[in-house]
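The values are calculated or read from the model by the stated rules, or taken from the named source; none is laboratory data. Keep in mind it's a predicted model, so treat the numbers as computed, not measured. Don't worry about glycine lacking a Cβ; one is built from the backbone with ideal geometry, like all the others, and counts go over all protein chains shown. We work out accessible area using only protein heavy atoms, side chains counted, and drop any ligands, DNA or RNA first. Shrake-Rupley method; radii C 1.70, N 1.55, O 1.52, S 1.80 Å.
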Amino acid sequence: MMLQSVRYSPLSVIILVGVFLASCKSSSEPPENDIVKDKEKLSVHVTTNIDKFLTYASDNKSQLNDSLSLHGLDLVKKVYEIEKNGSIWSEDDAWKPIADSLFSDIEDSRSSGLFPMDYHYHELAVIRKEFAADSLQRRDAALWAKADLLLTDAFFEMARHLKLGRIPRDSTTLRNDSLYDEAYFLKTFSAARATGAVLQTLHGLEPAWPEYLMVKAGIRSFLDSANFKRFTYLDFPAKDSSKFSELLARRLAEEGMYNGPTLPDTASLGAAIRSYQAAKDIKVTGKISDGMVRVLNNTDQEKFKRIAITLDRYKLMPESQPQSYVFVNLAAYLLYVYDDDTISLTSKVIIGAPKKNTPLLNASISNFITYPQWTVPYSIIFKEMLPKIRKNVSYLEHQNLMIVDRNDSVVDPNLVDWSKMNEKHFPYLIRQRQGDDNSLGVMKFNFANKYSVYLHDTNARGLFSRSSRALSHGCVRVQKWESLSRFLVRSDTIRFPTDTLAAWIGRREKHTVSGFPRVPLFIRYFTVEGKNDRLIFYSDIYGYDRIDRNKFFSKRKV
């Protein structure tokens, strides 16, 4: 017997698919209103509604309803399993003190570089207002249940952000994330409830680094004068020039500099650009530039995101700081030496140019050399030196450079066929003879790292007077190199009396100084620093803030 094929009309197919999808979808619906007349039964109804919300959220990708989701459903479910879905933050028709404490912390979370909206602030504020204004609403068990879940979820999300931040681990992260699993945050939650000290428990999760605390201390004064009016953010260079022109016109209109069509023409946009450049004391060209975009993006809302990024970067550091360490903040062009929580030395530094970034790293200073000899990296030889040598071999003599073969023997540069030298064939090293005109200057500080960079003096000391000092090939030039060397050997006055280093330098002698306790070195990038309860903002010279902003903070509302 042959089976006949069955044909379905397009409409019947749509209906069948709809029925199938409907059958797959959970039959549960999120609770709406549940007004309880008998106050004594309110807690029972709240428990029932918490169960309904969690069931719905489990079946609907963590959503409590069409517009509201939980950030950490698994943690929230575990808490309410322990509590048998009972209310945590309220009792009868009143908030517990811990709920008031947590809500106040959410409301004030910007002072910790956090965004209140990440912790259901708007929804909780509306619910609290409704409860305060309407006695009938205080009998709505569904609303109490929703508020309870939101507060629990907010606690865990805030705890994660205060402890781990929002920027993921990278190659320089020294934090042990294996310690911070669900059990850790459940324990934190239990401690906050048991003691009632919600604020102290949460903020006890933050880093204790002095630099972090100084930034945090300056946030309050920033917030006091900040204007968080939302402005259009410009990402430059732009992938879509037409779309960028629209955004630029909108941004200039927000400054009162443009009143032309939404789709701007070249003439009207150019005129607006010139007006803005003149008003902001930028060179008037009528053309958009990276510098002009930086000024346009330098709004208080974007500054706050840079504060948040800075604090998060500290959360990638070790749990506690060493007793003594050297800390280089590339964005500030400064080196700090910390000893027993005190800054014992501050020095200007010169760092890698934007296309030759100084790498972020963790290391330990192991030794330093007086009157060092510089072996030129191949990258510099091929990109910068080789064209000049081919043009005129005397360039080597003028730069105090010598050619060395693989046997470490000096080679006469006039005997080398430079036209045949290239990246694939270069059997030599180029070294700069030691002396005052050596690019490393008088002293070089060594630390093991895969980038072949180091701290050193320089023969171009006049560059330290510049405000923008991203000028090197990647190494860090230290203005107060002599003070740094004295700090490193401060505990060994027998081998290194105070006048010994000075005598070596005076006699231009090469010595390798080692045997002192290794000092941890952190090279980092923070565009915000705190000083005297105020914030200092530095230029995002390497664009790292912009990258993190676009990845992790672009949609966050201050």
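Is it the case that some residue within the range 326-346 is of a type in the set (A, V, I, L, M), over 30 Å from PHE552 (Cβ atoms) and either in contact with a Gly (Cβ under 7 Å, 6 or more places away or on another chain) or open to solvent by less than 10 Å² (accessible area, probe 1.4 Å) (or both)? Working first, answer last.
As a first pass, look at the range 326-346 and keep what is of a type in the set (A, V, I, L, M): 326, 328, 330-332, 334-335, 337, 343, 345.
From what is left, the residues that are over 30 Å from PHE552 (Cβ atoms) are 337, 343, 345.
Remaining after also requiring either in contact with a Gly (Cβ under 7 Å, 6 or more places away or on another chain) or open to solvent by less than 10 Å² (accessible area, probe 1.4 Å) (or both): 337.
Yes: one or more hits.
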Pick out the one residue from LEU311, LEU296, LEU248 that is crowded, with 21+ Cβ neighbours inside 10 Å, under 30 Å from ILE365 (Cα atoms) and at pLDDT 90 or above.
LEU311
Within the bounds of the range 201-211, is there any residue that is part of a helix (DSSP H, G or I), under 29 Å from LEU334 (Cα atoms), in contact with a helix residue (DSSP H, G or I) (Cβ under 7 Å, 6 or more places away or on another chain) and among the hydrophobic types (A, V, I, L, M, F, W, C)?
no
GLU384 passes all but one of the listed conditions (1) farther than 30 Å from ARG313 by Cα; (2) in contact (Cβ under 8 Å) with a residue 60 or more places away in the chain; the exception is number (2)
Entirely in the range 1-104, the helices (runs of 4 or more DSSP H) that have 2 or more residues that are open to solvent by 90 Å² or more (accessible area, probe 1.4 Å) and either at pLDDT below 90 or in contact with a Pro (Cβ under 7 Å, 6 or more places away or on another chain) (or both):
10-24
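Within the range 322-339, is there a residue that is of a type in the set (D, E, K, R) and not in a strand (DSSP E or B)?
Pass one, the range 322-339, residues of a type in the set (D, E, K, R): 339.
If we keep only those that are not in a strand (DSSP E or B) as well, we get none.
Within the range 322-339, none of the residues are of a type in the set (D, E, K, R) and not in a strand (DSSP E or B).
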What number of residues within the range 181-212 satisfy the criterion of being open to solvent by 60 Å² or more (accessible area, probe 1.4 Å) and either touching a Lys or Arg at 6+ places or on another chain (Cβ under 6 Å) or in contact (Cβ under 8 Å) with a residue 24 or more places away in the chain (or both)?
3
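Yes/no per residue for (1) under 22 Å from SER320 (Cβ atoms); (2) small (Gly, Ala, Ser):
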site: LEU151; (1), (2): no, no
site: ARG160; (1), (2): yes, no
site: THR173; (1), (2): yes, no
site: GLU182; (1), (2): no, no
site: LYS187; (1), (2): yes, no
site: ALA191; (1), (2): yes, yes
site: ALA194; (1), (2): no, yes
site: HIS203; (1), (2): yes, no
Might you let me know whether the range 474-489 holds any residue that is under 18 Å from THR375 (Cα atoms) and open to solvent by less than 10 Å² (accessible area, probe 1.4 Å)?
yes
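Where in the range 500-558 are there strands (runs of 3 or more DSSP E), lying fully within it, with 1 or more residues that are basic (Lys, Arg), in contact with a strand residue (DSSP E or B) (Cβ under 7 Å, 6 or more places away or on another chain) and under 30 Å from LYS356 (Cα atoms)? Spell out how you get there, then give the answer.
Values: elements: 511-513, 519-524, 528-531, 534-537.
Per the criteria, 519-524.
Look at the range 418-435 and say how many of its residues are open to solvent by less than 70 Å² (accessible area, probe 1.4 Å) and either farther than 17 Å from ILE380 by Cβ or outside any helix (DSSP H, G or I) (or both). Before you say what the answer is, go through the steps one by one.
Initial filter on the range 418-435 (open to solvent by less than 70 Å² (accessible area, probe 1.4 Å)): 418, 421-422, 426-432, 435.
Filter again for either farther than 17 Å from ILE380 by Cβ or outside any helix (DSSP H, G or I) (or both), leaving 421-422, 426-432, 435.
Residues flagged as open to solvent by less than 70 Å² (accessible area, probe 1.4 Å) and either farther than 17 Å from ILE380 by Cβ or outside any helix (DSSP H, G or I) (or both) within the range 418-435 amount to 10.
Just to check your reading of the model, which residue among LEU114, LEU149 is part of a helix (DSSP H, G or I) and touching a helix residue (DSSP H, G or I) at 6+ places or on another chain (Cβ under 9 Å)? Full working, then the answer.
Numbers: LEU114 fails: part of a helix (DSSP H, G or I).
After ruling out the rest, the residue left standing is LEU149.
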Can you say whether SER171 is open to solvent by 60 Å² or more (accessible area, probe 1.4 Å) and in a helix (DSSP H, G or I), as far as the supplied structure shows?
no
